Amino acid sequence: MSLKLKIKKGDKVIVLSGEDKGKTGEVVKAMPKEGKVVVQGINLVKRHTKPSQTTPGGIVTKEAPIHVSNVAIVASDGKATKVGYQEKDGKKVRVARRSGEVIDK
């Protein structure tokens, strides 16, 4: 199953539900096939890892993926906004529904 993600790597997002509700962070990785995103500093989990040649092993804290429906893009006023699309100068751009401003640079 592959979803059309309206959220991309580098976007600033806010968590809408779950343990980290209300926290904001930047999208580090988008996974359209799973319909999930990894947000920096959000949904932290501890993993016990074996030592290897590159890592010493032990208990590692890292970000786990969050379903894309549980995050929303942060508008310029700091609140969550839905994402729409518009045609500007012959290019399809993402637009914040709350304010109407263009998200893509």
- prompt: Roughly speaking, what is the stretch gain from Glu26 to Ala64, that is 0.36 nm per residue apart minus the C-alpha to C-alpha distance, in nm to one decimal?
  reply: 12.3 nm
- line: Length gained, Glu19-Arg97, 0.36 nm per residue minus C-alpha separation, equals 25.5 nm
field: Estimated D of the stretch 17-65 in µm² per second, where Rh is the Kirkwood radius over Cα pairs and Stokes-Einstein applies at 10 °C, 1.306 mPa s
entry: 128 µm²/s
query: In the chain, carbon and sulfur make up what percent of the accessible area (probe 1.4 Å)?
result: 51 percent
message: So with the 1.4 Å probe, I'd like the accessible area per residue for the chain, rounded to whole Å².
response: 70 Å²
- line: Note, the stretch 16-27: 3J(HN,Hα) by Karplus (6.51, -1.76, 1.60, θ = phi - 60°), whole Hz, Gly/Pro = x, goes 8, 8, x, 4, 9, 3, x, 7, 10, x, 9, 6
- request: Any chance you could get the radius of gyration and Dmax over the Cα atoms of the chain, in Å?
  value: 16.3, 53
query: Which FRET efficiency value, to the nearest 0.05, do you get for Arg47 and Asp104 by plugging their Cβ-Cβ distance into 1/(1 + (r/R0)^6) with R0 = 25 Å?
result: 0.15
- prompt: Are any of the pairs Lys33/Lys88; Lys4/Lys36; Lys8/Lys88 more than 21 Å apart by Cα-Cα distance, and if so, which?
  reply: Lys33/Lys88
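The values are calculated or read from the model by the stated rules, or taken from the named source; none is laboratory data. Computed from a predicted model, the values in this text were never measured in an experiment. All Cβ positions, glycine included, derive from the backbone under ideal geometry; neighbour counts span all protein chains shown. Side chains included, ligands, DNA and RNA excluded: accessible areas come from the protein's heavy atoms. Shrake-Rupley method; radii C 1.70, N 1.55, O 1.52, S 1.80 Å.
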